[in-house]
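Written below as structure tokens is the structure these notes are about.
Please treat every number below as a calculation from the coordinates, not as lab data. Keep in mind the model is a prediction, meaning the values are calculated, not measured. Counting neighbours? That spans all protein chains shown, and the Cβs are built from the backbone with ideal geometry, glycine included.
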Amino acid sequence: MEEAPRVLYETKFEGRLAVLTMNRARHRNPLSSQMMAALDEAFAEAEQDPEVRVIMLRGDGPTFSGGHDLGSPDALATRAERENEAMAQRYPRTRGMDVDPHLRWRNIPKPTIAVVQGACIYAGWMLASAMDVIFAADDAQFLPTNFAYFAVPWDIGARRAKYLMFDNRFLSAHEALEWGFVQEVHPPAELEDAAMAYASRVAQQDPFQLRMMKHSIHQMQEIQGFTPHMLSSFSDRMVRAANTTAITTDGLTRREYLSVERARANRIAVQDGSEGDASTPES
């Protein structure tokens, strides 16, 4: 049986809006290398289509993204190949998956909108952060750390980033709104309609003006050092990767990150284990 596509692509509003949907709800839309490649292809298609003025990214099901893929069939298919991988191979592979695509998507010269519901964990935060505008359901939960594409201080400010990350806790949708990471929060049943209404309004604007608005704002951040900071932080992250413990599951070895385990424990303590997204392998 043919496998369903990892990313669905469609256009709306007479081709002016491209909607990209992560299509692995069963696994909470984890960001495997296969998913990242499918997203890259879809973003490239939307960027190159002269009719498309706005790009929307969403995740199917109750979860936007559970983060890096650590346990789905995609991850299991590639984990054995990476066992005992030397840093000389790991460094370019990790940058090619976790840094370069996000910088590329951030710099698409068209407005991009993330529509987030449920969990937006670690790599999910990176993905949402690379978009220009974020709409969130009021049940959304965001979890950052000092990951490879370390935009968190740019997203919420340096002191708030330290305050949040030192505590290894989730950020609610309304906190994310107050701190500027999210631009609008809506009940889950109203989220898609609200995001579509905004996208429709933006899609009516002159595409060249939209491009220049985005470019000017990005130039401000580049002058402040956005991209050099991303690349420097990535090197820090590769050093941090040494602070892990090897664990074996089903005969395969993976790394257990201490900050992930702390965040899982915190969430279980707060919610009495009622929410499973952060305690699954995909988180």
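Length available on full extension from E51 to N146: 0.36 nm per residue minus the Cα-Cα distance, which gives 30.5 nm.
Subtracting the Cα-Cα distance of I217 and R104 from 0.36 nm times their residue separation leaves 39.1 nm of extension gain. Once R0 is set to 41 Å, what does the formula 1/(1 + (r/R0)^6) return for the Cβ-Cβ distance between H229 and E14, expressed as a FRET efficiency to the nearest 0.05? Plugging the Cβ-Cβ distance into 1/(1 + (r/R0)^6) gives 0.55. Taking the Cα centre of each part, how many Å lie between segment 10-47 and segment 101-166? That distance is 17 Å.
Under the 0.36 nm per residue contour assumption, what length would be gained going from the current alpha-carbon distance of A197 and Q209 to full extension?
Value of the extension gain: 2.3 nm.
In this Cβ point-charge picture (+1 for Lys and Arg, -1 for Asp and Glu), segment 131-190 has a dipole of about 420 debye about its Cα centre. Rg and Dmax of segment 12-78, based on Cα coordinates, read 13.3, 40 Å. Distant-in-sequence amide contacts of M56, defined by a placed amide H-H separation under 5 Å and a gap of 5 or more residues or a different chain, comprise A18, V19, L20, I113.
Candidate cross-link partners of K110 among the lysines, defined by an alpha-carbon separation under 24 Å and a same-chain spacing of 8 or more, comprise K12, K214.
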